[in-house]
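Trainee: Take this structure, written in structure tokens, and hold onto it; I'll ask about it next.
The values are calculated or read from the model by the stated rules, or taken from the named source; none is laboratory data. What you see is a predicted model; the values in this text were computed from it and never measured. As a convention, Cβ positions derive from the backbone with ideal geometry for all residues, glycine included, and neighbour counts pool all protein chains shown. To get the accessible areas, we keep the full protein, side chains included, count just its heavy atoms, and leave off ligands, DNA and RNA. Shrake-Rupley method; radii C 1.70, N 1.55, O 1.52, S 1.80 Å.
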Amino acid sequence: MGQISEDQVRHVALLSRLELTEDDVRHFAHDLSSILGYVAKLDELDTSQIPPTSHSLRLENAFRDDEVGASLTNEQALANAPESEDGLFKVPPVIQDGGGA
Amino acid sequence: MIDLCAKPIHELRDLLRRREVSSVELTRAFLTRIATVEPAIQAFVSVTGDLALEQAAAADAARSAGEDLPPLAGVPVAIKDNMCTNGVLTTCSSRILANFVPPYDATVVTRLRGQRAVFCGKTNMDEFAMGSSTENSGIKKTFNPWDPARVPGGSSGGSAAAVAAGMAAGALGSDTGGSIRQPASFCGVVGLKPTYGLVSRYGLVAFASSLDQIGPISRDVEDAALLLNAIAGHDPRDSTSAHFDPPDYTSFLQRGVRGLRIGLPKEFSGEGTDPEVQAAVAAAVRKLEELGAVTVEVELPHSPYAVATYYLCATAEASSNLARYDGVHYGFRAPADNVIEMYSRTRSQGFGEEVKRRIMLGTYALSAGYYDAFYLKSLRVRTLIRRDFDAAFEKCDVIAGPTAPTPAFRIGEKTSDPLAMYLSDIFTISVNLAGICAISVPCGFTEDNLPVGLQLIAPSFGEDRLIAAAHAYEQATEWHRRRPPV
């Protein structure tokens, strides 16, 4: 644990679908390194025999019958869409002309 | 009329029931108060005056028709802007949701409508509830009613400031690592973080789903009980909602603290805590002893690891939850030639600095090669933190300590150092990791006239203990009667 390089920052930004300027890359490398330096204190603890807790409530799966209930109309569902057409969400091209996506 | 705005909900309820004031009159008083004070405090993202007057008129009509109305009927309340309100802008204080008008209500909002509460507005917050000062809002900054040079705390800073400044009789906040309790402490009001699963999260914009919980921010403990009564209980629309039948929380107000065992963790009294905060909390514990409680020393040996644990598991969950903001279904979209560019530009322009930082940290903690060392490690330490509380609660009924290590800090004081900001949640975070409940109640003022909060912590579904102890303390003191200079 500890340092994070500018290349790692660029890779994580790609995974996160964030576009960063070179300035952003530099200061995220600095901030994240300092935070990771702090969280490295967890290494002081031997947790090899400790089970993980992902959730504090000891809940079973919450099953229910698969029944159709009340839902939004098409109009309501699209009301906040940045762009829509023919009752559908519209997005920019997924595959570009010439095959490069 | 202004003095109406300083009254707790239970007194307003009695005035409404005795017809000494109508809900429309009361709502007008609060809207006037908002118009006067809001320019200096900036607690609201949206003030919903028309809706409020409509709801107030409907509550008055129901009362005139002889209906037996619930305690919140006709009372103006504020709702943090990360809870969906059908037909009312819900921004989460983010540019990415700046135009989002939900087509449905969060369950807590449905419950408040069911009580005929009046909605006076949606309150400002740190963007996506990520922050401890409300300075990360993508909409505006909120100022502390006790000192406008200081932050109101966060992330529910707008809700706490609105209640403190008399712009709402009570409010809902949400708490992922201290976001109800810390601003309540900074603003001199009561804030209760319920047990995970007690209050439905349906319609709450998700930040860290295993930690988020909605709860009340109020003028006094009785109001916290009334608000909790309104929102607690199982909801089939939230799969993490507990199958627990909540009691009437007002029934514990008079229980007192005789024989109550108060645990004092030595880890909560260490260096780094402001001496005035330490003194106020120590005096509050002595007051509880005078009232019949007994103190025992307890240990929470893993609490020094809570902040580190939290910033791995909370950011990991956030990075996954916030993947949905892609410019497709709702919210802001940046123009682009292809869909991948559209996602990246939308997110880069729509999210603020701290949200990006946490998405990056969480994505890193979950990414190939780092998952075991960071994310899984944090979940194992989370188990140790929970076990600390289990062991402590074998020796005591509630744990007492400060809510925050300092009183409200200055605007801009911690914005350049994310880690310093994270550490302001050092006493609240472990409660979320363990999934248990806690309350912050005013316990004094510093020499600069800034409020200090006492935090009481109880085991899962131990809200009865919090309400009994906090109410006994509050009624034996005068702190909750002080009003900010605004």
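Trainee: Could you say which residue among B:408, B:373, B:400 is among the small types (Gly, Ala, Ser), touching a strand residue (DSSP E or B) at 6+ places or on another chain (Cβ under 6 Å) and closer than 30 Å to residue A:45 by Cα?
Mentor: Sole residue among the options that is among the small types (Gly, Ala, Ser), touching a strand residue (DSSP E or B) at 6+ places or on another chain (Cβ under 6 Å) and closer than 30 Å to residue A:45 by Cα: B:400.
Trainee: Let me confirm something: among B:134, B:110, which residue is closer than 28 Å to residue A:73 by Cα and at pLDDT 95 or above?
Mentor: B:110
Trainee: Which of the residues that make up region B:173-183 are under 8 Å from the mean Cα position of the chain (by Cα) and assigned to a loop (DSSP other than H, G, I, E, B)?
Mentor: B:178, B:179, B:180
Trainee: How many residues are surrounded by 16 or more Cβ atoms within 10 Å (Cβ to Cβ), more than 7 Å from chain B (Cβ to nearest Cβ) and part of a loop (DSSP other than H, G, I, E, B) if we restrict to region A:35-48?
Mentor: Counting residues in region A:35-48 that are surrounded by 16 or more Cβ atoms within 10 Å (Cβ to Cβ), more than 7 Å from chain B (Cβ to nearest Cβ) and part of a loop (DSSP other than H, G, I, E, B) gives 0.
Trainee: For the condition open to solvent by 20 Å² or more (accessible area, probe 1.4 Å) and modelled with pLDDT of 95 or more, what is the one hit in B:235, B:245, B:212?
Mentor: Answer to the check: B:245.
Trainee: Here's something else I'd like to know. Looking at region B:223-243, can you tell me whether even one residue there is of a type in the set (Lys, Arg) and within 14 Å of chain A (Cβ to nearest Cβ)?
Mentor: Yes, that holds for at least one residue.
Trainee: Among the residues of region B:130-172, write down those that are hydroxyl-bearing (Ser, Thr, Tyr), assigned to a loop (DSSP other than H, G, I, E, B) and within 16 Å of residue B:83 (Cα to Cα).
Mentor: B:137, B:155, B:156
Trainee: Which members of region B:365-383 meet the condition of being without any contact (Cβ under 8 Å) to a residue 40 or more places away in the chain, open to solvent by 10 Å² or more (accessible area, probe 1.4 Å) and facing another protein chain (nearest Cβ under 7 Å)?
Mentor: B:367, B:373, B:376, B:380, listed by residue number.
Trainee: Looking at region B:114-129 only, could you name the residues that are closer than 17 Å to residue B:89 by Cα and in a helix (DSSP H, G or I)?
Mentor: B:127, B:128, B:129 - these are the residues of region B:114-129 that are closer than 17 Å to residue B:89 by Cα and in a helix (DSSP H, G or I).
Trainee: Residue by residue through region B:283-306, note down the ones that are under 18 Å from residue B:397 (Cα atoms) and either in a helix (DSSP H, G or I) or among the hydroxyl-bearing types (Ser, Thr, Tyr) (or both).
Mentor: Once the filter is applied, which keeps residues that are under 18 Å from residue B:397 (Cα atoms) and either in a helix (DSSP H, G or I) or among the hydroxyl-bearing types (Ser, Thr, Tyr) (or both), region B:283-306 yields B:284, B:285, B:286, B:287, B:288, B:289, B:290, B:295.
Trainee: What are the residue pairs meeting all of these: first residue in region A:49-62, first residue facing chain B (nearest Cβ under 7 Å), second residue open to solvent by 70 Å² or more (accessible area, probe 1.4 Å), Cβ atoms under 9 Å, and 6 or more apart or on different chains?
Mentor: A:50/B:387; A:59/B:239; A:59/B:243; A:62/B:236; A:62/B:239
Trainee: Return yes when residue A:65 is in contact with a Ser or Thr (Cβ under 9 Å, 6 or more places away or on another chain), over 30 Å from residue B:382 (Cα atoms) and either open to solvent by 70 Å² or more (accessible area, probe 1.4 Å) or at the interface with chain B (Cβ under 9 Å from one of its Cβ atoms) (or both) and no when it is not.
Mentor: No: the conditions fail for residue A:65.
Trainee: Open to solvent by 20 Å² or more (accessible area, probe 1.4 Å), without any contact (Cβ under 8 Å) to a residue 24 or more places away in the chain and either part of a helix (DSSP H, G or I) or within 7 Å of chain A (Cβ to nearest Cβ) (or both): which single residue out of B:386, B:345 fits that description?
Mentor: Going through B:386, B:345 in turn, just one is open to solvent by 20 Å² or more (accessible area, probe 1.4 Å), without any contact (Cβ under 8 Å) to a residue 24 or more places away in the chain and either part of a helix (DSSP H, G or I) or within 7 Å of chain A (Cβ to nearest Cβ) (or both): B:345.
Trainee: A further question follows. Just one of B:330, B:311 is more than 16 Å from residue A:36 (Cβ to Cβ) and hydroxyl-bearing (Ser, Thr, Tyr); which is it?
Mentor: Matching residue, one of B:330, B:311: B:330.
Trainee: While we're on this one: Considering only residues that are touching a Pro at 6+ places or on another chain (Cβ under 7 Å) and open to solvent by 20 Å² or more (accessible area, probe 1.4 Å), which ones fall in region B:16-50?
Mentor: Hit for region B:16-50 is B:40, nothing else.
Trainee: Looking only at residues in region B:398-443 that are assigned to a loop (DSSP other than H, G, I, E, B) and among the hydrophobic types (A, V, I, L, M, F, W, C), which one is nearest to the other protein chains (Cβ to nearest Cβ)?
Mentor: Selected residue: B:436.
Trainee: A further question follows. Only residues that are of a type outside the set (Phe, Trp, Tyr) and either facing another protein chain (nearest Cβ under 7 Å) or loosely packed, with under 10 Cβ neighbours inside 10 Å (or both): list them for region A:84-100, please.
Mentor: A:85, A:86, A:87, A:91, A:92, A:93, A:94, A:96, A:97, A:98, A:99, A:100
Trainee: Can I ask one more? Mind listing just one residue for me: the one in region B:322-342 that is more than 7 Å from chain A (Cβ to nearest Cβ) and assigned to a helix (DSSP H, G or I) and, of those, surrounded by the most Cβ atoms within 10 Å (Cβ to Cβ)?
Mentor: Out of the qualifying residues, it is B:322.
Trainee: Okay, next question. In contact (Cβ under 8 Å) with a residue 12 or more places away in the chain, at the interface with chain B (Cβ under 9 Å from one of its Cβ atoms) and either open to solvent by 70 Å² or more (accessible area, probe 1.4 Å) or at negative phi (or both): which single residue out of A:72, A:20, A:32, A:15 fits that description?
Mentor: Sole residue among the options that is in contact (Cβ under 8 Å) with a residue 12 or more places away in the chain, at the interface with chain B (Cβ under 9 Å from one of its Cβ atoms) and either open to solvent by 70 Å² or more (accessible area, probe 1.4 Å) or at negative phi (or both): A:32.
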